[in-house]
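Here the structure is laid out as structure tokens; the discussion comes afterwards.
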Amino acid sequence: QSVLTQPPSASGTPGQRVTISCSGGSSNIGSNTVNWYQQLPGTAPKLLIYTDHQRPSGVPDRFSGSKSATSASLAISGLQSEDEGDYYCAAWDENLNVLFGGGTKLTVL
Amino acid sequence: QVQLQESGPGLVKPSETLSLTCTVSGGSITKYYWSWIRQSPGKGLEWIGYVYYSGTTNYNPSLKSRVTISVDTSKNQFSLKLSSVTAADTAVYYCARGGGYTGRFDFWGQGSLVTVSS
């Protein structure tokens, strides 16, 4: 069981806005930044959001991140079929450990 | 553009040591943290540990007793050794840049499937 908690699944129709939550504690999200990864089927994870809300070069602005206290969220607007895949949050924990969320499988209906 | 490539045996026998190497190209291994991350079939991501280019390491507490990560700056490579493996260690193993006091990994290898079986 992951210390960072994500919903196992999320879904939406093309064009919709979807949000994925990531809940942690004071030793991880509460005191360190959150990062989000997108893993498309059969591929390696890709950095999608870093330092809570920053987008790496090349990531569309349809993807956005936010954080409040010990929880973070990833929002995807203008949902597209190619967004279907798994999404993971990650954060450093003060117990000297990197924690990943359990992952959320996004389905585009 | 930094690229990472894992290499090593795809099959390891139970109780033996899993060994993988990650070769970094397109950039220097110096001044960064480098991590190993694994993903069991159909499961989520698990951070194994990192090595700094200076050789400093830090490991996931749940794997610490079995893990060794080292770096060879002359070859722009870093390596993973996981001892006393069992079937539970069967996974795709990724190398990635980052992980030092952060959950940010900005470059990833394609992954290497390692199966533990006799």
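The values are calculated or read from the model by the stated rules, or taken from the named source; none is laboratory data. Small disclaimer: the values here were computed from a predicted structure and weren't measured. When we count neighbours, we look across all protein chains shown, and the Cβ atoms used for this are built from the backbone with ideal geometry, even at glycine.
Just a few scattered comments:
- Unmet criterion (only one of (1) touching a residue at least 40 places away in the same chain (Cβ under 8 Å); (2) more than 14 Å from residue B:44 (Cα to Cα); (3) surrounded by 15 or more Cβ atoms within 10 Å (Cβ to Cβ)) for residue A:64: (1)
- Under the condition of being more than 10 Å from chain A (Cβ to nearest Cβ) and in contact (Cβ under 8 Å) with a residue 40 or more places away in the chain, the residues counted in the range B:34-58 number 6.
- Every test in (1) crowded, with 20+ Cβ neighbours inside 10 Å; (2) in contact (Cβ under 8 Å) with a residue 12 or more places away in the chain is passed by residue A:78 save one, and that test is (1).
- Here residue A:6 fulfils each of the conditions (1) at the interface with chain B (Cβ under 10 Å from one of its Cβ atoms); (2) under 26 Å from residue B:4 (Cα atoms) apart from (2).
- Subset tally (residues that are outside any loop (DSSP other than H, G, I, E, B) and in contact with an Asp or Glu (Cβ under 9 Å, 6 or more places away or on another chain)) for the range B:1-35: 6
- Count of residues meeting criterion [out of contact with any strand residue (DSSP E or B) (no Cβ under 7 Å at 6 or more places or on another chain) and under 21 Å from residue B:39 (Cα atoms)] in the range A:1-43: 3
- Of all residues in the range A:55-109, those satisfying the criterion of being among the small types (Gly, Ala, Ser), within 26 Å of residue B:40 (Cβ to Cβ) and in contact with an Asp or Glu (Cβ under 8 Å, 6 or more places away or on another chain) are A:72, A:103.
- Among (1) modelled with pLDDT of 95 or more; (2) crowded, with 19+ Cβ neighbours inside 10 Å; (3) among the small types (Gly, Ala, Ser); (4) at positive phi - the single one residue B:99 does not satisfy: (1)
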